[in-house]
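Working notes, structure below.
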Amino acid sequence: RKEVEQDPGPFNVPEGATVAFNCTYSNSASQSFFWYRQDCRKEPKLLMSVYSSGNEDGRFTAQLNRASQYISLLIRDSKLSDSATYLCVVNKGNTPLVFGKGTRLSVIA
Amino acid sequence: GAGVSQTPSNKVTEKGKYVELRCDPISGHTALYWYRQSLGQGPEFLIYFQGTGAADDSGLPNDRFFAVRPEGSVSTLKIQRTERGDSAVYLCASSSHGTINTGELFFGEGSRLTVL
């Protein structure tokens, strides 16, 4: 079983829609959680960290459920510029980040 | 520039050849990471340096892969006897923390390796 699993998509949504991605992780020792964004043929960039209490950054909301070992990302009022691959990332303290394979989002006009 | 710089951006080679990929991290970043990304996959960890030493090389797939960072700055990933399965984008990242609990790795644009 892969350490981080995501639905690869693609998710095709109209502008203005709300879309949510989930991610599950297998290692219960995982301590830190993140969402990265990767545009086509570009490098990954940190989008936001995910905290146990949930956190919000503008139109983006991240949630963590430790009991069920899943992480979610909610995007409200989708923009064309949100089209990208969203990578779920975990780590177990002083270890390198483990990336999921990503979920592809296409926002359509 | 201020970001992570990787060269070459593209490399096409023949099966069996030797390849070197270079990474110049952000100035002052002590931690340097190599990842590999195949089409449709997420980045896969290869090796991590803290300063000059390899702190974790558990992701290197086999002994054809080797990386160095002799002066604690620039790193070179070396691949011997390349195989078609080595074709991927090799991503380098750096961070200013020895641990990476902050989650922010700064990636270069990658070196796209194609083995014919």
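Read-outs throughout are calculated quantities, based only on the coordinates presented, and are distinct from any laboratory measurement. Here the structure is a predicted model, which means the values were calculated and not measured. No Cβ is skipped: glycine too gets one built from the backbone with ideal geometry, and neighbour counts run over all protein chains shown.
Remarks
- FRET efficiency for B:Asp63 and B:Arg84, using Cβ-Cβ distance with R0 set to 22 Å, rounded to 0.05: 0.75
- Spin-label pair B:Ala2/B:Ser38, simplified geometry with 7 Å Cα→Cβ offset, distance in nm: 3.7
- In the calculated pair-distance distribution of chain B, the portion above 24 angstrom amounts to 18 percent of the Cα-Cα pairs.
- Average Cα contact separation per residue, chain A, under 8 Å, 6 or more apart, as relative contact order %: 38
- Across the protein assembly as shown, Cα-Cα pairs farther apart than 26 Å form 38% of the total.
- Charged-residue dipole, Cβ positions (Lys, Arg, Asp, Glu), chain A about Cα centre, Debye nearest 20: 260
- Inter-label distance, A:Asp7 to B:Glu71: 5.1 nm, where each label sits 7 Å from its Cα along the C-beta direction.
- Table column - 3J(HN,Hα) (Hz), the stretch A:58-65, Karplus curve with 6.51, -1.76, 1.60, x for Gly and Pro: x, 7, 10, 10, 10, 9, 10, 10
- Charge dipole (chain B, unit charges on Cβ, about Cα centre) - positive-most of B:Val12, B:Leu91, B:Pro43: B:Val12
- Taking 4.7 Å between beta carbons as the limit, the unpaired Cys residues of chain A are A:Cys40.
- Cβ-based net charge around A:Asp7, under 14 Å, with every Lys or Arg adding one and every Asp or Glu removing one: +2
- Inter-chain shielding of A:87-94 (mean C-beta neighbours from other protein chains, 10 Å cut-off): 3
- Working note: Cα gyration tensor of the stretch B:44-89, eigenvalues times five, square-rooted, sorted largest first, giving semi-axes of 20, 11, 9 Å.
- Once you reduce the stretch B:13-28 and the stretch A:1-50 to the center of their Cα atoms, the two points are 28 Å from each other.
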